[in-house]
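Every number in this text was worked out from the coordinates using simple rules, so none of it is lab data. Small disclaimer: the values here were computed from a predicted structure and weren't measured. Methodologically, a virtual Cβ is constructed for each residue, glycine included, from the backbone with ideal geometry; neighbour enumeration extends over all protein chains shown.
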């Protein structure tokens, strides 16, 4: 190695040169004030960077992040609970309807009328009568009112949650 | 608490001790903040992105493979989140960061008068704030976090030779500034 470059000086600094190459760099640097100055400057840069101070965060970021994490965990649990409750209600409703239909089928079952079509017509008729009576004008008003109330309550909670999330996000 | 390894903390958090995550936050917050501050050049943005990074890391902990190093994995999140923030702020930054060839000429701060000349460290610290985000990240990870070029390359998703090129160029630029400002003559 008869020539030297900044690249070689960097490798020299990082200890990436072989023993012979390092000795050659030492020889060239000692014989040239320019290269000596460059190596000294490079060493100074390396030293300063190694001792660079780490800036510290002025506020308690740990508590803030932990608060957010705990809030997220809590809301996740609440969401889970909400889904479980809604699913349970839906399943209970389905089971009630199926149970009621089954009960009606058993109650109205008469072995002397063995014709399947007759049974089907009969039970379909009883189900349709039941549904018609359930969804009559008065009941529909009540169902509508309950449904609207439920919607209003849900809208309030959604609005409230979004407000809290926005506050936490800031 | 210092004796507990990152992996032990992660296992504890995974087992339901959510509050143990604060140990990881305390361990990495300042160094990650330093990197973000240099990349984003704005303290407020750095704090905001840092919070996002810790939240992202927390939600991603269940996917974290214990054979990887948490620091490498976390800094990759930090680096990518910072890049996304920079892209959102300045679309043209994409070009600025895409190549390692375009290191802008660093300028020394003329406010440094002779009385401050000896404070080389301060001069260098202030000057490296001018480095492009990619260069600042390499310097930060290599010097402040004491990572190897291989780890830096893994975090930044660039080759090891590129990491070395960035490192050498940054040092050379700072070295040239020191020579131009006659700092080294005083040392000699």
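Which three semi-axes in whole Å describe the equivalent ellipsoid of the stretch B:121-187, each the square root of 5 times a Cα gyration tensor eigenvalue, listed largest first?
Semi-axes, largest first: 24, 11, 10 Å.
Relative to the first principal axis of the alpha-carbon coordinates of chain A, what is the inclination of helix A:137-169, with its axis defined by its Cα atoms, in degrees from 0 to 90 and to the nearest 10?
So the helix axis and the longest Cα principal axis differ by about 10 degrees.
Under the rule a/c < 1.5 gives rounded, and otherwise a/b versus b/c splits prolate from oblate, where does the protein assembly as shown land using the Cα gyration tensor? Can you show the working numbers first?
Values: a/c = 3.90, a/b = 3.20, b/c = 1.22.
Prolate shape, in that a/c is at least 1.5 and a/b is the bigger ratio.
What order, most packed first, do the peptides B:49-55, A:156-162 have when packing is the mean number of other Cβ atoms within 10 Å of each residue?
Values: B:49-55: 21.1, A:156-162: 10.6.
The peptides rank, most packed first, as B:49-55, A:156-162.
Which value in nm describes the separation of the simple spin-label points at residue B:65 and residue A:63, placed 7 Å from the Cα toward the beta carbon?
Label at residue B:65, label at residue A:63, 3.9 nm between them.
Over the whole of B:157-163, what's the average partner chain Cβ count within 10 Å per residue? Rounded to a whole number, please.
For peptide B:157-163, the averaged partner shielding equals 0.
What spacing in nm lies between the two simple spin-label points modelled at residue A:156 and residue A:50, each 7 Å away from Cα in the Cβ direction?
In this crude label model, residue A:156 to residue A:50 measures out at 6.7 nm.
Once the mean 1/r over all distinct Cα pairs of the stretch B:6-95 is inverted, what Kirkwood radius in angstroms do you read off?
Working: mean 1/r = 0.0732 Å⁻¹.
Hydrodynamic radius (Kirkwood, Cα pairs) of the stretch B:6-95 is 13.7 Å.
To the nearest whole number, what is the average tally of beta carbon atoms from other chains within 10 Å of the beta carbons of peptide B:168-178?
Numbers: counts 8, 3, 2, 11, 8, 1, 7, 13, 5, 2, 8.
For peptide B:168-178, the averaged partner shielding equals 6.
What are the semi-axes of the equivalent ellipsoid of chain A, taken as the square roots of 5 times the eigenvalues of the Cα gyration tensor, listed largest first and rounded to whole Å? Could you put the intermediate results ahead of the total?
On the way: eigenvalues 1501, 128, 30 Å².
Rounded to whole Å, the semi-axes are 87, 25, 12.
Only Cα pairs under 8 Å and at least 6 apart count here; give the relative contact order of chain A as a rounded whole percent.
Worked out over chain A, it gives 12 percent.
Order by neighbour count: A:105, A:93, fewest other Cβ atoms within 10 Å first, most last. Walk me through the intermediate numbers first.
Values: A:105 14, A:93 10.
The most exposed by this proxy come first: A:93, A:105.
Mind checking the angle between helix A:19-31 and chain A's longest principal axis? C-alpha axes, 0 to 90 degrees, to the nearest 10.
50 degrees
Using helices alone, I'd like the mean residue ellipticity at 222 nm for the protein assembly as shown: each DSSP H run of four-plus residues gives -39500 (n - 2.57), total over residue count, nearest 500. Don't skip to the answer; put the middle values down first.
Details: 16 runs with 261 residues, N = 358.
Taken over the protein assembly as shown, the calculation gives -24500 deg cm²/dmol.
Counting only other chains, and only Cβ atoms inside 10 Å, what mean value do you get across the residues of B:58-65? Don't skip to the end; give the middle numbers.
Details: counts 6, 2, 0, 0, 0, 0, 0, 0.
Going residue by residue through B:58-65 and averaging, the value is 1.
Roughly how tilted is helix A:61-107, in degrees to the nearest 10 and between 0 and 90, from the longest Cα axis of chain A?
It works out to around 20 degrees.
Highest first, please rank the peptides B:29-36, A:15-22 by the mean number of other Cβ atoms sitting within 10 Å of their residues.
The packing order, highest mean first, is B:29-36, A:15-22.
With only alpha-carbon pairs counted, each pair once and no self-pairs, how large is the Kirkwood hydrodynamic radius of the stretch A:6-50 in angstroms?
Result for the stretch A:6-50 stands at 10.6 Å.
Hey, rough spin-label estimate for residue B:44 and residue A:141, points 7 angstrom out along Cα→Cβ, what's it come to in nanometres?
It is 5.8 nm.
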